[in-house]
Structures are given as C-alpha cells and as structure tokens.
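Colleague: Below you'll find the structure I mean.
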Amino acid sequence: LDDDLSQVAGELTSDRLLGGLLSPNFTRRSCLSRYQSISYRKSSRHEPSSYLISRLREYERLHKRCGPYAESYKKSIKEMVSGRIDSSSACRVLLIYEEADMANVFCEPFPDTTWLLPKDFPFNYRLSRFKQKYAKSFGNTLKNNNNKISVSTEQLPSHLYLYLSHDYSHHDKLFFCDQDQIVLRNIPWLIIKSDVYFLPSLFLMPSFEEELSKLFPDKETVFHHLGRYLFHPSNQVWTLITSYYKKYLAEAEERIGIQIRIFDKKTSPFQQVMDQILTCTFKEKLLPQVDMGKSIVAPSGKGKSKAVLLTSLIPSYYEKLKDMYLKHPTLNGEVINVYQPSHEEKQRSTNNVHNQKALAEINLLSMMDVLVTSARSTFGYVAQGLAGKKPLILYKIEDKKIPNPVCGRAVSLEPCFHSPPIYDCKAKREVDTATIVPYLRHCEDIHWGIKLFNGT
C-alpha cells in the first residue's frame, strides 16, 4: 500500500480531487480508492460546476452537524419516538440503512461523520419489512385520506415511509407532485425505499428544477458527478480491483469492456446473443475478425494488443470469445486477450461477497477505453456513469430475434429511469413526461423510460 500511495502522490495534481468534487479532508489510508481512482480511470472531460462544489462542501458541514451521534441527531430521535415535531430544526441529511449484504462495500463519502443509520435507530426492525402495501406509507396514507395529508404541523407525523421502487402505485407516485412536496418538507424523517434512478423526474418539479439546473448545468453529468462523489469502493474491494487490473489489463494498448446482462435465457438464447456481440464489435471495429480456416501455432505478439474485459453471470460467452482468439489468427494481426473476473451463474443480491465482486467489476468496466453494455442494465449504467463514457448499447433481443440495428451509441451518459410517473399533477391526467422539457426524453434502450439529455 505504501508503494501505491507514494506513486499516486507523485502522479496526482489538482485532478486528485476530481476538479474540486471531492473533499480533501480525508486520510488516504481510510479509503484508498477515493484518490487513487484517477490513476486507473482517465480524467473526466466533464467539470463539475462551481455551484455544485460549494453546495457539497456546505452539505458536508451540515452532515457533520446533524449526522449520527451529533446532539441534533439525538434530539431528533427523541422527537421521532415521541411523535412531537420541532419545526425550527434545520437538519435534513442522507442516511443509509446498511444490511449485512452491503457491509464493507463502500467507503464513507462525508468527512468526519458517517452516512450509515446507527444500529439503535428506533425503527430498524421495520425497515427490512417495508413493502409497497405498508399501511403507514405516504401512498397508502394519501389513498386512505382522499389524496390529502394535513399541512397542519400539529397533525403531521414525525416520520413517513416513501415507497419509490419499480412497482410503486399511483398514490406513491404523487411524491413527484409539487403540492405534496410542501407537506413532505415539514416531516422531519422521510424513510425512502427505492430500486430505481428516479432523479430525472425531480427536474419536472418547479420546487427542485431551479436548484438542480444550477447544480448541473450539463444535464447529462448528474450521475457522473454524484456517482464519483458518493461511491468509493472500500479498501477490500479496491484491492480486488487494482490487483486484477495490474495482473491482466494494465499492459494492453487498448482495453475494451463488454457487459452482458441476460434477463431471460428463453427469449435471448446463447447463440443469438453471441452473434449480436460479434456483429456489433466487428461492425464498430472494436474487435477484429479471425481466420477460422487457420490455427495459431504460436502467438506472434507483433500486432496491437487489446484486452477484452467481459462481465457476465454466465461463463459461456467468455469461453466462446476466448477460444476464438486463442485458436485462430486475427485478420489484421491484432493480439486479443479475453478476461472474465467471475461467473456467478445467478444474481445473489443478499450475498456480501457477491456484491463486493459486482462493485469491483463495475469499477473495472469504468476503467476501460471503450464500453459495450446491455440494454436496460443498471450494472452497465453505473459503469458508464463512473467512466464518463457513452457506450455502445446492445439492444434487447426479443422473441429470439436479433434486433436491427444490433447496437447503437448512447446519446446521453445518464442512467435511464425505467418506471417514471405518467401523471400531470396540475392537469390531473396522464401525460408523456418525456415531452414536457427539452432535456428529458425517452431512453435509447427502453422506450417507456426517461432520462436526462442536454437540451441542445
């Protein structure tokens, strides 16, 4: 570690803080990835706004003042338990409920404090059981009270559950209405459960839009900046990342990341997916074709060397691609080496080691020179966001038919919001939310989703 730190210290200049995005108030040993990532990932072409930087520094001070174990936090917990609201409190911070599967995956993002909800939080036992039908959720409260929550401080609850996951109901989605935000703003504790990137819809709300536009004048870089600010792999995960990179990827002249996500093996059979990958990478000249009539006797080592990092739960794509380039010479003389860090066969979201491997592979993908990702995959979205690169998207195979075109370049860096609300709060009718403002449009890979684009 000392060698790595001294090397990084010599290489890094002002870019060490990602253009001012990161706070300098951390010790390097506490989180090696925070300041070392710049040595593995190319410098971003997207500068954070000075306004975003100043607001992050303000928030860090707020989190330290209001976060766990601070006096204001203790006071707020007592009020929460008693049900009494102190409207004078200026504290509202982000805290994460960490279950066992997420332990030792990320570093703390805010200096001198924690973003983890303490184990003695009064309602911890309820959090893991919080589902869409939970009676005390915001949506169900509205549903049972004729779409209204009283604005009277005396009648407001001290805490409220917000269910914003992909299967949320119409009443849950009223969270995105400005008139309901007036009420929510006065409730001290909002407990949110979500598995979607719902930020694009906040840009449709007048009470959020002005501030968001000042923070992110370049609309396509919201996740790029916030992801690099918040999500630093723990030292344990960072060791997995850097050791793999140095052993297999560092010496290549070009690195290509291919991320394969199969949602249904029946509708997306192996051979069709394999044909799609090869058609796309050949057409885009990322990978060379091979002479299937010849065999490699001994590696020539004369052509350009390319490393292909393939991430998938399934090993067969890696084995097919590796064998092709191992056994047959390329037509242009390039030397192709194919690697796959793991092949877990199925997703194990509640397994801690599985999640550490997943984060490691997302970060390895983000270090590649070129990215090819699967449509509708959050795994790919996060990698492209951290990289600041627009990938080639392998469009989803439907009913065993390879799409035409097989792939296409992403137009925006942003992740897709797969389940946006389709309700106009003022007109009280359904609407296509991708048509309201110029910087929100339908996603390239899922026609009903919405994502942020630059308005021009």
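Colleague: State the Cα centre-to-centre distance between the range 71-144 and the range 357-404 in whole Å.
Modeller: Cα centres, the range 71-144 to the range 357-404: 32 Å.
Colleague: Now for a separate question. Quick one: ranking L226, L21 by accessible area, 1.4 Å probe, largest first, what do you get?
Modeller: Listed by decreasing accessible area, they come as L226, L21.
Colleague: Then there's this: How many percent of DSSP beta bridges within the chain run antiparallel, rounded to 5?
Modeller: Antiparallel bridges make up about 35 percent of those DSSP assigns within the chain.
Colleague: Ok, one more. For Cα pairs less than 8 Å apart in space and 6+ apart in sequence, what is the mean separation divided by the residue count of the chain, i.e. the relative contact order in percent?
Modeller: Computed value for the chain: 16 percent relative contact order.
Colleague: Within the set K357/K389; K304/K400; K322/K396; K75/K214; K285/K322; K42/K306, which residue pairs have Cα atoms separated by over 28 Å?
Modeller: K304/K400; K75/K214
Colleague: In what sequence, largest accessible area first, do I436, I53 appear using a 1.4 Å probe?
Modeller: Largest accessible area first, the residues go I436, I53.
Colleague: Keeping all protein chains in position, work out how much accessible area L174 exposes to a 1.4 Å probe, and write it in Å² to the nearest 10.
Modeller: Its heavy atoms expose roughly 10 Å² to the probe.
Colleague: Roughly how tilted is helix 235-244, in degrees to the nearest 10 and between 0 and 90, from the longest Cα axis of the chain?
Modeller: Tilt relative to the chain: about 20 degrees.
Colleague: Tell me, rounded to the nearest percent, the portion of alpha carbon pairs in the range 14-219 spaced more than 31 Å apart. Numbers along the way, then the final one.
Modeller: On the way: 5598 of 21115 pairs.
In whole percent, the long-distance tail amounts to 27.
Colleague: To continue, here is another question. Mind listing the long-range amide H neighbours of I191? Cut-off is under 5 Å, sequence gap 5 or more, other chains count too, H placed in the peptide plane at 1.01 Å from N.
Modeller: Distant-sequence amide H within range of I191: L160, Y161, L162.
Colleague: Once both axes come from the Cα atoms, what is the angle between helix 316-327 and the longest principal axis of the chain, in degrees from 0 to 90, rounded to 10?
Modeller: 30 degrees
Colleague: Leaving out ligands, DNA and RNA, what percent of the accessible area of the chain is carbon and sulfur, probe 1.4 Å?
Modeller: Of the solvent-accessible surface of the chain, carbon and sulfur hold 53 percent.
Colleague: Are there trypsin sites (Lys or Arg not before Pro) in the range 237-283 that DSSP marks as loop and that have at most 15 other Cβ atoms within 10 Å, and which are they? Don't skip to the end; give the middle numbers.
Modeller: Numbers: sites: K246, K247, R255, R261, K265, K266, K283; in loops: R261, K265, K266.
The qualifying sites are K265, K266.
Colleague: A further question follows. Can you give me the accessible area per residue for the range 235-415, using a 1.4 Å probe, in Å²?
Modeller: In whole numbers, the range 235-415 has 46 Å² accessible per residue.
Colleague: May I have the extent of the alpha carbons of the chain along their three principal axes, as whole Å values ordered from largest to smallest?
Modeller: In descending order, the Cα extents are 81, 53, 42 Å.
Colleague: Kindly provide the GluC sites (Glu not before Pro) of the range 296-380 that DSSP labels as loop, not H, G, I, E or B, and whose Cβ sees at most 11 other Cβ atoms within 10 Å.
Modeller: In loop regions of the range 296-380 (DSSP not H, G, I, E or B), the sparsely surrounded GluC sites (Glu not before Pro) are E345.
Colleague: Rounding to the nearest 20 debye, state how big the charge dipole of the chain is about its Cα centre with +1 on each Lys and Arg Cβ and -1 on each Asp and Glu Cβ.
Modeller: Using Cβ point charges on Lys, Arg, Asp and Glu, the chain gives about 480 debye.
Colleague: Once a ≥ b ≥ c are taken as the square roots of the eigenvalues of the Cα gyration tensor of the range 181-313, is the result rounded (a/c under 1.5), prolate (a/b larger than b/c) or oblate (a/b not larger than b/c)?
Modeller: Prolate, because a/c is 1.5 or more and a/b exceeds b/c.
Colleague: Just flag the trypsin sites (Lys or Arg not before Pro) in the range 341-370 sitting in loop per DSSP whose Cβ has no more than 15 other Cβ atoms within 10 Å.
Modeller: Sparse-neighbourhood loop trypsin sites (Lys or Arg not before Pro): K346, R348.
Colleague: How tilted is helix 270-283 with respect to the longest principal axis of the chain? Cα atoms for both, answer in degrees (0 to 90, nearest 10).
Modeller: In the chain, helix 270-283 runs at an angle near 80 degrees to the longest axis.
Colleague: Any idea what % of Cα-Cα pairs in the range 235-415 are farther than 21 Å?
Modeller: It works out to 49 percent of all Cα pairs.
Colleague: Per-residue ellipticity at 222 nm for the chain, helices alone: DSSP H runs ≥ 4 residues times -39500 (n - 2.57), over residue total, nearest 500 deg cm²/dmol?
Modeller: Per the formula, -9500 deg cm²/dmol.
Colleague: Quick one: which residues, 5 or more positions from R441 or on another chain, have an amide H under 5 Å from its amide H? H modelled 1.01 Å from N in the peptide plane, none for Pro or chain starts.
Modeller: For R441, whose amide H was placed from the backbone, the distant partners under 5 Å are K451, F453.
Colleague: Follow-up question, since we're still on this one. On a 1.4 Å probe surface of the protein chains, which of Y325, Y97, Y125 comes out largest in accessible area, and what is the full order?
Modeller: Y125, Y97, Y325
Colleague: Can you work out ³J(HN,Hα) from phi for every residue in the range 43-55, in order, using Karplus 6.51 cos²θ - 1.76 cosθ + 1.60 and θ = phi - 60°, giving whole Hz and x for Gly and Pro?
Modeller: Couplings: 4, 6, 8, 10, 7, x, 5, 4, 5, 4, 4, 5, 6 Hz.
Colleague: Along its principal axes, what span do the Cα atoms of the range 264-352 show, with the longest given first and each in whole Å?
Modeller: Taking max minus min along each principal axis of the Cα atoms, the range 264-352 gives 46, 29, 22 Å.
Colleague: If ligands, DNA and RNA are left out, what is the accessible area of I38 with a 1.4 Å probe, given in Å² to the nearest 10?
Modeller: 30 Å²
Colleague: What residues qualify as long-range amide H neighbours of A375, i.e. H under 5 Å apart, gap of 5 or more or another chain, H built at 1.01 Å from N?
Modeller: Hits under the 5 Å cutoff: L394, K396.
Colleague: Please calculate the 1.4 Å probe accessible area of T435, with all protein chains present, and give it to the nearest 10 Å².
Modeller: Per-residue accessible area (T435): approximately 100 Å².
The values are calculated or read from the model by the stated rules, or taken from the named source; none is laboratory data. Source: prediction; values computed, not measured. Neighbour counts run over all protein chains shown; Cβ positions are idealised from the backbone, glycine included. Ligands, DNA and RNA are excluded from the accessible area calculation, which covers all protein heavy atoms including side chains. Shrake-Rupley method; radii C 1.70, N 1.55, O 1.52, S 1.80 Å.
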